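Let me begin by presenting the structure, written as structure tokens, before commenting on it.
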Amino acid sequence: MIPQTRSKMEIEVTKKTEIKDGVHQGTIIDVEYRDTPYSYTDLVIEFPEDMQVLKLKAGYPTIIQESSKLGKLLARFGAKLEVGVKVDPDKTLISKKCQFQTITEETKNGTFARILSESVKPVE
């Protein structure tokens, strides 16, 4: 079988999006899992900002305990945390409306908006 190749594609140049520091509201549209360099669970949050819809991620170490960041997040969204019982973050979080706070962070790779992971909470 011959692998499929894509034809050339033109991609529009866009201006850098700036996200204002402060409180925002959005929807958790996905939960992603990564293992490099550590095991993390990332929320993908979509939200409106300056006439466009943007996406940001908030990362949590993949440990569910009453005192862990991910455990506290799941509890805020209604998950019952009992030792020995499994919790599915996808079922608990995807499609939920939320509120969160962003800050601007400067790194060696540039300036980025970052979600304060402790600030993510449900919105009724």
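For residue 54, the residues 5 or more places off, or on other chains, whose built amide H falls under 5 Å of its own are 47, 49. Computed from point charges on the beta carbon alone (+1 for Lys and Arg, -1 for Asp and Glu), the dipole magnitude for the chain about its Cα centre is near 140 Debye. Taking every alpha-carbon pair under 8 Å whose residues sit at least 6 apart, the chain reaches a relative contact order of 26 percent.
Can you compute the helix-only [θ] at 222 nm over the chain? Use -39500 (n - 2.57) per DSSP H run of at least 4 residues, normalise by all residues, nearest 500 deg cm²/dmol. Let's see the in-between values first.
Numbers: 2 runs with 13 residues, N = 124.
Helix contribution divided over all residues of the chain: -2500 deg cm²/dmol.
Of the residues 58, 33, 104, the one whose Cα sits farthest toward the positive end of the charge dipole of the chain, with +1 on the Cβ of Lys and Arg and -1 on the Cβ of Asp and Glu, is 33. Couplings for the stretch 25-42, taken from phi via the Karplus curve 6.51 cos²θ - 1.76 cosθ + 1.60 with θ = phi - 60°, read 10, x, 10, 6, 9, 6, 10, 10, 10, 9, 10, 10, x, 9, 7, 10, 10, 10 Hz in order; Gly and Pro are left as x.
Karplus-derived 3J(HN,Hα) values for the stretch 63-78, using 6.51 cos²θ - 1.76 cosθ + 1.60 with θ = phi - 60°, are 9, 10, 9, 4, 9, 7, 4, 5, x, 5, 4, 4, 5, 4, 9, x Hz; glycine and proline are entered as x. Of the trypsin sites (Lys or Arg not before Pro) in the stretch 21-124, the ones in a loop by DSSP (not H, G, I, E or B) with at most 12 other beta carbons within 10 Å are 80, 86, 108.
Every read-out reported here was derived from the displayed coordinates using simple, explicitly stated rules and does not represent laboratory data. If you're wondering where the values come from, they're calculated on a predicted model, not measured in any experiment. Heads up, the Cβs are rebuilt from the backbone with ideal geometry, glycines too, and the neighbour counts pull from every protein chain shown.
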